[in-house]
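Colleague: Would you mind keeping the following structure in view while I ask a few things?
The values are calculated or read from the model by the stated rules, or taken from the named source; none is laboratory data. Keep in mind the model is a prediction, meaning the values are calculated, not measured. Cβ atoms come from the backbone with ideal geometry, glycine included; neighbour counts cover every protein chain shown.
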Amino acid sequence: MKMVTTETISGQNITETKKIVFSEQVLSVNVVKDAISGIKGIFGGKSNSYSEEYAKGRQLAIDELQKEAEKIGANAIVGANVHYNQFVNSDIMLIIVTANGTAVYVQ
């Protein structure tokens, strides 16, 4: 399924606008990974564990967004957006990834 951030898809005609589709994913980050990432941060290193969790969340959100669009007969999504948030307390860190777009049918 084609997904774009723009309102149109170059060279294709949108024949039907279905509806806005949404996806929300919540991932918890392992406390051990947090500790290792904190140590790397002190020395200026890249935190691969956080990068991997954000990438995983993004892919899950996009996959679900596409499934939601397919359920209503769409074959593309325009105006796609992905947003990231995090909540941290003393015990856990949650990464929240949300995605949305307009499900359409193109020829």
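Colleague: Part of a strand (DSSP E or B) and at pLDDT 80 or above - does that describe any residue in segment 44-61?
Modeller: No, there is no match, as no residue in segment 44-61 is part of a strand (DSSP E or B) and at pLDDT 80 or above.
Colleague: Can you tell me how many residues within segment 71-98 are among the polar types (S, T, N, Q) and surrounded by 12 or more Cβ atoms within 10 Å (Cβ to Cβ)?
Modeller: Count: 3.
Colleague: Determine, yes or no, whether PHE22 is part of a strand (DSSP E or B) and modelled with pLDDT under 95. If you could, list the steps in order and put the result at the bottom.
Modeller: Values: part of a strand (DSSP E or B): yes; modelled with pLDDT under 95: no.
Spelling it out, it is not the case that PHE22 is part of a strand (DSSP E or B) and modelled with pLDDT under 95.
Colleague: Quick check on LYS71: is it out of contact with any strand residue (DSSP E or B) (no Cβ under 8 Å at 6 or more places or on another chain) and of a type outside the set (Asp, Glu)? Spell out how you get there, then give the answer.
Modeller: Values: out of contact with any strand residue (DSSP E or B) (no Cβ under 8 Å at 6 or more places or on another chain): yes; of a type outside the set (Asp, Glu): yes.
Criteria met by LYS71.
Colleague: Under 7 Å by Cβ, and 6 or more places apart or on different chains, what pairs join a residue from segment 1-30 that is within 29 Å of ASN85 (Cβ to Cβ) with one that is charged (D, E, K, R) and part of a strand (DSSP E or B)?
Modeller: Final answer for the pair search is ILE9/LYS2.
Condition check ((1) of a type in the set (Val, Ile, Thr); (2) at pLDDT below 95; (3) under 26 Å from THR8 (Cα atoms)) across all residues:
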site	(1), (2), (3)
ASN30	no, yes, no
ASP34	no, yes, no
ASP63	no, no, yes
THR102	yes, no, yes
